[in-house]
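**Student:** The structure follows.
The values are calculated or read from the model by the stated rules, or taken from the named source; none is laboratory data. What you see is a predicted model, and the numbers here were worked out from it, not measured in a lab. Here the Cβ positions follow ideal geometry from the backbone for every residue, glycine too, while neighbour counts run over all protein chains shown.
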Amino acid sequence: MRQALLKGLFYTVLVAGAVTFLYPFFWMVLGTFKPEAEIASLRLWPSEFTLHSYRAVFSKIPVGRAFFNSMLVSSLITASVLVLSSMAGYALSRLTFKGRDIVFGLLLFTMMLPFQITLIPMYVLMVKFQWVNTYQALIVPGMVSAFGILIFRQSFKSIPGDLIDSARLDGCSDFEILFRIIWPLSKPALITVGIITFVNTWNDVLWPIIVIREQSMMTMPQMVALFAVGGQAEAQVGNILAAATLLAVPIIIAYLIFQKYFIESMATSGLKG
Amino acid sequence: MASVQINNLRKEYPNGVVALHDVSLTVEDGEFYVLVGPSGCGKSTLLRMIAGLEEITSGDILIDGVRINDVPPKDRDVAMVFQNYALYPHMTVFGNMSFALKHRKIPKDEIRQRVEAAAEILELGEYLDRKPRALSGGQRQRVAVGRAMVRDPNVFLFDEPLSNLDAKLRLQMRVEISRLHKKLKTTMIYVTHDQIEAMTMGTRIVVLKSGIVQQVDTPHNLYKNPANQFVAGFIGSPAMNFFEGALDDEQTFVSPGLKCKLPESIALLFGDLPGRRGVVGVRPEHIYDPAEAGNKDVASEIGVTIDVVEPVGADAYIYFYIGDSYCCMRVGADTEHRPGDPIQVCFDAGEIKLFHPDTGDAVTSA
């Protein structure tokens, strides 16, 4: 009896937590289908479904182009982080060379630096490279990540050394060991780093706002932010919610596909979510 | 097939730890060579240096007369079987066995032929499409052996391949690997800490301790004529019994709790030892109940009290103290002796060994 009560209490707290997090999200999504006058109410379900907010967003800003830009930038950065950070993670976990631990310490140190500190020097660099308003400015600075290196290093350390020695005897180079032996065994780490990198890049507003001025080069969050605060939304909450929902869709899809690996990796890497 | 020559091989780690001290060995073509020793003696390090997985501090390794110190592992034509199998978990048994061959761009037909031939020998035919996780420990180890076999290497290297198996499987795999060696006639270098494996499989055995070679010999010679006290104690199960003492008159050896008349041939050997001190060694099977010694030439009788009787199937081991030395004797399984029983024991005079009290070296001639 006491156990049943405790279990009931446990699930009540869990449900309350889930509702707290999910309610605003559902409110936003369903709000995009409500007539403007109805959005302010706390009622979740619209009295009538309308696509008016979406039509307004698509007519006012080049959503397609921004979506393409975001997809291109996020995909390239994610692919690059997976390749380059895993290579660095492999070197730091599996190769022995002088100064290895110092390099690793420096990498950890860079993780402690807030982005705002490097923002101005990075912008100056972009200006000097004449990369302002180009894809390079959006992609190159994010091509390798210290966070990715850390996750890969820890993950690769858990792979038995004999497996790597065996691959070496079978004729594999370090590149082949990494991509043919270690990668297939490190799916959770790859997916975790992939999702986190993709989400962070996709959601990033600050850096694109600094380096991109031309509308045709803008990313989705940048476009949505400017749409929301720049007057184009005409103070229509429905329009802002529709733009925000469009922004969230790819992330939700990616999470739903990979959540199993994501949770597995969070659990095994001891990483806080 | 190939011979392996190791000349003055030394391995020193950056932290100053020396794993191998000037090791020199010659493994003949087609030999089953066993490296045995306690944990940390450097046997696996030596094997990994032959494979090219460990850097050489100084010295040379030659395969078929060719110095391979700087040859990458893949070009040494050696195949290694690891303790924990080291099978690629994401590949099938066929994938694992064919991986090295695919890497060498060997034609597909030949790869299939080689893998199937090895699988047949190792009775793995029906498992070729399975992933390693769907196999038992013994099957996984057979896949690991098969993976080495298909490469048709000059030298097989085994790094404690049976340590992870249960006793029954270990025995079975021991026989299978020995059979494989007879069939392939390839040079095999086998590392183990298990002296039974070493004795039953090796054509020659190297005993290592703290990175120093103690003795290289056939299993029989190693057992019968150990070069020093370490080898005598390491080879043989249960271990040899040792008594440190001195010869007090012409033939009487005195050690705490023991006064024993030694045969003249052994007593004479004390002449060169400092203070006529020495360590006498007797194997458990060379200690008898005087009533059962028959017409064997035995040293004097000693009265002891049985501490433990340990039946092990065909035999039983009786443990007792002689002075401070905890001793073991082997008797028949039908022994009626019980713990606490006082018994008389005697040593087989012809099987007593003598070791130097300071260096531990065997003393064999005056």
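**Student:** Could you tell me which numbered condition B:LYS183 fails, if it satisfies all but one of (1) part of a loop (DSSP other than H, G, I, E, B); (2) of a type outside the set (S, T, N, Q); (3) within 19 Å of B:LEU122 (Cα to Cα)?
**Tutor:** Going through the list (1) part of a loop (DSSP other than H, G, I, E, B); (2) of a type outside the set (S, T, N, Q); (3) within 19 Å of B:LEU122 (Cα to Cα), B:LYS183 breaks only (1).
**Student:** Condition first: among the hydroxyl-bearing types (Ser, Thr, Tyr), touching a residue at least 12 places away in the same chain (Cβ under 8 Å) and in a helix (DSSP H, G or I). Can you find one or more residues in the range A:41-54 that meet it?
**Tutor:** Going through the range A:41-54, the residues among the hydroxyl-bearing types (Ser, Thr, Tyr) turn out to be A:41, A:47, A:50, A:53-54.
Filter once more, keeping what is touching a residue at least 12 places away in the same chain (Cβ under 8 Å): A:47, A:50, A:53-54.
Remaining after also requiring in a helix (DSSP H, G or I): A:53-54.
So far as the range A:41-54 goes, yes, one or more of its residues are among the hydroxyl-bearing types (Ser, Thr, Tyr), touching a residue at least 12 places away in the same chain (Cβ under 8 Å) and in a helix (DSSP H, G or I).
**Student:** Any residue in the range A:197-204 that is among the aromatic types (Phe, Trp, Tyr), under 30 Å from A:ARG100 (Cβ atoms), modelled with pLDDT under 95 and surrounded by fewer than 21 Cβ atoms within 10 Å (Cβ to Cβ)?
**Tutor:** No: zero hits.
**Student:** I would also like to ask the following. Could you look through the range B:249-279, keep only residues that are part of a loop (DSSP other than H, G, I, E, B) and touching a helix residue (DSSP H, G or I) at 6+ places or on another chain (Cβ under 8 Å), and pick out the one that is farthest from B:MET199 (Cα to Cα)?
**Tutor:** Out of the qualifying residues, it is B:GLU250.
**Student:** Also, I was wondering about something else. Is there any pair linking a residue in the range B:240-254 that is under 18 Å from B:VAL298 (Cβ atoms) to one that is charged (D, E, K, R) and in a strand (DSSP E or B), with Cβ under 8 Å and at least six apart or on different chains, and which?
**Tutor:** The qualifying pairs are B:MET240/B:LYS353; B:GLN251/B:LYS261; B:THR252/B:LYS259; B:THR252/B:LYS261; B:PHE253/B:LYS259; B:PHE253/B:LYS261.
**Student:** From the list A:PHE104, A:PHE109, pick out the single residue that is in a helix (DSSP H, G or I), of a type in the set (Phe, Trp, Tyr) and exposed (fewer than 12 other Cβ atoms within 10 Å of the Cβ).
**Tutor:** Within the list A:PHE104, A:PHE109, the selection yields A:PHE109.
**Student:** Kindly indicate whether any position in the range B:308-316 is surrounded by 20 or more Cβ atoms within 10 Å (Cβ to Cβ) and either more than 17 Å from B:PRO342 (Cβ to Cβ) or at pLDDT below 95 (or both).
**Tutor:** So far as the range B:308-316 goes, no, none of its residues is surrounded by 20 or more Cβ atoms within 10 Å (Cβ to Cβ) and either more than 17 Å from B:PRO342 (Cβ to Cβ) or at pLDDT below 95 (or both).
**Student:** Among the listed residues A:GLY142, A:GLY161, identify the single one that is more than 27 Å from A:LEU206 (Cα to Cα) and modelled with pLDDT under 95.
**Tutor:** A:GLY161
**Student:** Also, I was wondering about something else. Residue check: is B:VAL279 within 19 Å of B:ALA239 (Cβ to Cβ) and not hydroxyl-bearing (Ser, Thr, Tyr)?
**Tutor:** Yes, satisfied.
**Student:** Let me ask something additional. Any idea which residue in the range B:74-105 is surrounded by the fewest Cβ atoms within 10 Å (Cβ to Cβ), counting only those that are out of contact with any strand residue (DSSP E or B) (no Cβ under 9 Å at 6 or more places or on another chain) and closer than 21 Å to B:TYR190 by Cα?
**Tutor:** Looking at the filtered set, the residue picked out is B:ASP75.
**Student:** Right, another one. Please work out which one of (1) free of Cβ contacts under 8 Å to residues at least 60 places away in the same chain; (2) within 14 Å of another protein chain (Cβ to nearest Cβ); (3) of a type in the set (Gly, Ala, Ser) is the condition A:GLY105 fails and give its number.
**Tutor:** (2)
**Student:** Given the conditions (1) more than 26 Å from B:VAL81 (Cβ to Cβ); (2) free of Cβ contacts under 8 Å to residues at least 40 places away in the same chain; (3) under 12 Å from the mean Cα position of the chain (by Cα), which single one is not true for B:GLY236?
**Tutor:** (2)
**Student:** For the range A:207-228, state whether one or more residues are assigned to a loop (DSSP other than H, G, I, E, B), within 14 Å of chain B (Cβ to nearest Cβ) and modelled with pLDDT of 90 or more.
**Tutor:** Looking through the range A:207-228, none of the residues is assigned to a loop (DSSP other than H, G, I, E, B), within 14 Å of chain B (Cβ to nearest Cβ) and modelled with pLDDT of 90 or more.
**Student:** Let me ask you something else. Among (1) buried (at least 23 other Cβ atoms within 10 Å of the Cβ); (2) among the hydrophobic types (A, V, I, L, M, F, W, C); (3) without any contact (Cβ under 8 Å) to a residue 40 or more places away in the chain; (4) closer than 17 Å to A:ALA91 by Cα, there is one condition A:LEU169 misses while meeting the rest; what is its number?
**Tutor:** Result: A:LEU169 fails condition (4) only.
**Student:** Among the residues of the range A:229-238, how many are assigned to a loop (DSSP other than H, G, I, E, B) and crowded, with 20+ Cβ neighbours inside 10 Å? First the steps, then the outcome.
**Tutor:** Residues of the range A:229-238 that are assigned to a loop (DSSP other than H, G, I, E, B), as a first pass: A:230-236.
Okay, now just the ones that are also crowded, with 20+ Cβ neighbours inside 10 Å, so A:233.
Qualifying residue count for the region: 1.
Conditions tested, residue by residue: (1) outside any helix (DSSP H, G or I); (2) more than 11 Å from chain B (Cβ to nearest Cβ).
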| position | (1), (2) |
| --- | --- |
| A:VAL132 | yes, yes |
| A:PRO141 | no, yes |
| A:PHE147 | no, yes |
| A:LEU150 | no, yes |
| A:SER155 | no, yes |
| A:ILE159 | yes, no |
| A:ASP165 | no, no |
| A:CYS172 | yes, no |
| A:PRO184 | no, no |
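**Student:** Check every one of the helices (runs of 4 or more DSSP H) wholly within the range B:37-123 and list those with 2 or more residues that are without any contact (Cβ under 8 Å) to a residue 60 or more places away in the chain and at the interface with chain A (Cβ under 8 Å from one of its Cβ atoms).
**Tutor:** It comes to B:93-103.
**Student:** Exactly one of these conditions fails for B:GLY40: (1) of a type outside the set (Lys, Arg); (2) within 27 Å of B:PHE230 (Cα to Cα); (3) surrounded by fewer than 23 Cβ atoms within 10 Å (Cβ to Cβ); (4) at pLDDT 95 or above. Give me its number.
**Tutor:** Unmet for B:GLY40, out of (1) of a type outside the set (Lys, Arg); (2) within 27 Å of B:PHE230 (Cα to Cα); (3) surrounded by fewer than 23 Cβ atoms within 10 Å (Cβ to Cβ); (4) at pLDDT 95 or above: (4).
**Student:** Oh, and also: Looking only at the range B:311-325, filter to residues that are of a type in the set (Ser, Thr, Tyr), out of contact with any Lys or Arg (no Cβ under 7 Å at 6 or more places or on another chain) and touching a residue at least 60 places away in the same chain (Cβ under 8 Å); which one of those is farthest from B:VAL282 (Cα to Cα)?
**Tutor:** Result: B:TYR321.
**Student:** Please determine, by comparing only the residues of the range A:63-91 that are of a type outside the set (Gly, Ala, Ser) and over 20 Å from A:ILE251 (Cα atoms), which one is farthest from the chain's Cα centre (by Cα).
**Tutor:** This residue is A:TYR90.
**Student:** Using beta carbons and a limit of 9 Å, which pairs, at least six apart or on different chains, have the first residue in the range A:4-32 and under 27 Å from A:VAL237 (Cβ atoms) and the second one exposed (fewer than 11 other Cβ atoms within 10 Å of the Cβ)?
**Tutor:** A:TRP27/A:LEU42; A:LEU30/A:TRP45
**Student:** Continuing with the same structure: Among the residues of the range A:81-101, how many are assigned to a helix (DSSP H, G or I), of a type in the set (Gly, Ala, Ser) and surrounded by fewer than 15 Cβ atoms within 10 Å (Cβ to Cβ)?
**Tutor:** Start the filter on the range A:81-101 by keeping residues that are assigned to a helix (DSSP H, G or I), which leaves A:81-94, A:100-101.
Applying the additional criterion that residues be of a type in the set (Gly, Ala, Ser) yields A:85-86, A:88-89, A:91, A:93.
Adding the requirement that they be surrounded by fewer than 15 Cβ atoms within 10 Å (Cβ to Cβ) leaves none.
Final tally of qualifying residues: 0.
**Student:** Could you count how many residues in the range A:112-130 are in a loop (DSSP other than H, G, I, E, B) and over 29 Å from A:THR192 (Cβ atoms)? Please lay out each step first, then the result.
**Tutor:** Going through the range A:112-130, the residues in a loop (DSSP other than H, G, I, E, B) turn out to be A:113-114, A:129-130.
Narrowing the set further to residues that are over 29 Å from A:THR192 (Cβ atoms) leaves A:129-130.
Within the range A:112-130, residues that are in a loop (DSSP other than H, G, I, E, B) and over 29 Å from A:THR192 (Cβ atoms) number 2.
**Student:** Now for a separate question. Would you check which residues across the range B:299-336 are in a strand (DSSP E or B) and of a type in the set (A, V, I, L, M) and list them?
**Tutor:** Listed by number, the residues that qualify are B:ILE302, B:VAL304, B:ILE306, B:VAL308, B:VAL309, B:ALA316, B:ILE318, B:ILE322, B:MET329, B:VAL331.
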